[in-house]
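Down below is the structure, laid out as C-alpha cells.
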Amino acid sequence: MSDRLPPLTALRAFDAAARHMSFAKAAEELHVTPAALSFQIKSLEQHLGAPVFRRLNRAVELTDAGKALAPGVQDGFQTLAAAWRSAERTQDNHTLTVTAGPAFTSKWLAPLLYEFAHRHPEIELRFSASLKLMDFGRDAIDVAIRFGRTSDDGLYSVPLAQEWVCPVMTPAMAERFPTPESLTTAPLIFDDSINYLNPRSDWETWFRAMGIEHAPTHGPRFSQADHAVDAALAGVGVVLGRRALVVKDLNDGRLVAPFPVALDTGARFRFLCANGAENRPHIAAFRDWIISEIEKNAHITNAMTRVPASDYQRP
C-alpha cells in the first residue's frame, strides 16, 4: 500500500461530505456540481483501495475506513486554515485583535481607547472580551491580556503592574466609615472572581492585615469584578478593589481608598503575543501604550502600603 496522499481536492471533497453526510450539501459548500464532488470521492476511494462511504437511498454513511479518515482530515484542514490566517496577519499591520477578560476590558481598556486611537489612527482595534484561553493562530488573535500566576511558556510575555486589592468606596461612604474598625459594620461587597487565588486576597485577610479579627460573609457577591466595582460606584457598599479595575476611578475621584493598606495578590496581568510577533509595529505600539498608561497612575500604587496576602492567611 502506498503512503502517497491523494490529491488535496479529493480530501477536501471527502471532508465536506463527511461533515454534512450529504454529497449535495458538500457540493454546495464547495461550489461544485454533485457529479464533480462524487468524482472526487471516487478518486479518493480508488487511491485508498476501499470505499469511504456507503451509498444509501437518499443518504450516505461512513465506512470503517471513512470513520478512521474523517477526524484527521478535518483537523488537517482546520490547521491549514489557521496557518493561512496567521500568514495573512503577518501582512496586516493595521488591524489589531486583542483579547482580555470582560472586567479588564470594561474598566481599564475601554475608557482609555480614545487615547490610543488618537495616538495611532492608522490602527484599527478589535476586542474579544473573554476569559477563554484563545489560541493565537486558530482564533486569529494578535494580543492577549491575561491575569494570574501561570507561566506563559512558548509566548512573548511582558508582566504588567503587580496586582493588589484594598477597600475602595465612594467619598460619601468614606465619611460614614472613617476607620478600618468601622468597616466591620459597613455594607461589604464581595468580588468572587479572584477566589481561586491561593493565598486568598479576601476581606478576612485584609482585616487580619489591619490587626482586626473579622471574617465577614454577608453582602452582595459578584462573579465578575467589574460588576462589583460598579456596585461600589453606585454607593451599595465597600469593595476590595483590584488595582487595574479601580485605578481610573481613584484617579478621577469617583472612588477613594481611605485606608491605603493593600494586599499584594502575587498575581499580575501579562501582555502576551506569539513569539516573534512582538516587534510588529502595531503590536509594539499597543504594548508601549499600555505600559505608558500604567505608569501614569503609578502614584496611586506608590501611595499604598502593600503587604503580601500570604502573610495573613488563617492559621
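The values are calculated or read from the model by the stated rules, or taken from the named source; none is laboratory data. Bear in mind the structure is a predicted one, so any value in this text is a computation, not a measurement. Quick reminder, even Gly has a Cβ in these numbers, built from the backbone with ideal geometry, and neighbours come from all protein chains shown.
Could you list, in sequence order, the residues of the range 52-85 that are more than 37 Å from the chain's Cα centre (by Cα) and among the acidic types (Asp, Glu)?
Glu61, Asp64, listed by residue number.
Please tell me if Glu278 is acidic (Asp, Glu) and either surrounded by 19 or more Cβ atoms within 10 Å (Cβ to Cβ) or assigned to a helix (DSSP H, G or I) (or both).
So Glu278 fails the test.
With the condition kept exactly as written, say whether any residue in the range 131-141 is farther than 30 Å from Ala81 by Cα, at pLDDT below 90 and out of contact with any Lys or Arg (no Cβ under 6 Å at 6 or more places or on another chain).
Scanning the range 131-141, I find no residue that is farther than 30 Å from Ala81 by Cα, at pLDDT below 90 and out of contact with any Lys or Arg (no Cβ under 6 Å at 6 or more places or on another chain), so the answer is no.
Consider Ser43 against the criteria (1) touching a Phe, Trp or Tyr at 6+ places or on another chain (Cβ under 7 Å); (2) over 30 Å from Asp142 (Cα atoms): it satisfies all of them except one. Which criterion is unmet?
Exception for Ser43: condition (1).
Scanning for something without any contact (Cβ under 8 Å) to a residue 40 or more places away in the chain and among the aliphatic types (A, V, I, L, M), does the range 301-314 turn up at least one residue?
no
Across the range 123-157, which residue is surrounded by the most Cβ atoms within 10 Å (Cβ to Cβ) among those that are of a type outside the set (A, V, I, L, M) and in contact with a helix residue (DSSP H, G or I) (Cβ under 8 Å, 6 or more places away or on another chain)?
Phe147
Residue under question is Val239, and the condition is that it be of a type in the set (A, V, I, L, M) and farther than 22 Å from Ile145 by Cα; does it hold?
So Val239 fits the description; yes.
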